[in-house]
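Rule-based calculations on the coordinates, nothing more; no lab input. Values in this document were obtained by computation on a predicted structure and should not be read as measured data. All Cβ positions, even for glycine, are placed from backbone atoms using ideal geometry, and neighbour counts span all protein chains on display.
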Amino acid sequence: MEIRESKEGNRTVLRIVGRLDTATAPDLDSYIRSNQVADGLVLDLSELEYISSAGLRVLLAANKLMANHGGMSVRNVQDMVMEVLEATGFTDVLTME
């Protein structure tokens, strides 16, 4: 997995590339927690190929963490990943752009 960071105004955009699974989920969790993301977070999943339950837990934790720091949204979700988000009810919990 690779994390590419950019800015959109005051919001931090993280493009997640590759697989978000048991091996890589802790890296994303640490990245989000250790970087100053105070004015909102956007997760761009246009290059995310796979997400496991460990990856879903990181999305949920990040969403909770960002609730008081500008919020979090998810965008550009590939079809296969979107199927997982829909099947698990995450599309009802996360803000989808």
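Rounded to the nearest 500 deg cm²/dmol, what is the calculated helix-only ellipticity per residue at 222 nm for the chain, with -39500 (n - 2.57) per DSSP H run of length n ≥ 4?
-11000 deg cm²/dmol
Relative contact order for the range 1-70: what is it in percent, counting Cα pairs under 8 Å that are at least 6 residues apart?
This gives 37 percent for the range 1-70.
Using Cβ counts within 10 Å as a stand-in for footprinting exposure, how do SER34, SER6 rank, fewest first?
Taking fewest neighbouring Cβ atoms as first place, the list is SER34, SER6.
Angle check, please: helix 53-66 long axis (alpha carbons) against the longest principal axis of the chain (alpha carbons), in degrees 0 to 90, nearest 10.
Once rounded, one gets 20 degrees.
I'd like to know which of LEU60, SER34, LEU45 lies farthest towards the positive end of the charge dipole of the chain, counting +1 on Cβ of Lys and Arg and -1 on Cβ of Asp and Glu.
So the residue furthest toward the plus end is SER34.
Grab the Cα-Cα distance for SER53 and ASP79, subtract it from 0.36 nm times how many residues apart they are, and report the gain in nm with one decimal.
7.7 nm
Fewest first, what order do ARG75, ARG33 take by the number of other Cβ atoms within 10 Å?
ARG33, ARG75
Among GLU2, GLU47, what is the fewest-to-most ranking by other Cβ atoms within 10 Å?
GLU2, GLU47
Give me the dipole magnitude in Debye, nearest 20, for the chain about the Cα centre, with unit charges on the beta carbon: positive for Lys and Arg, negative for Asp and Glu.
Charge dipole of the chain: 360 debye, to the nearest 20.
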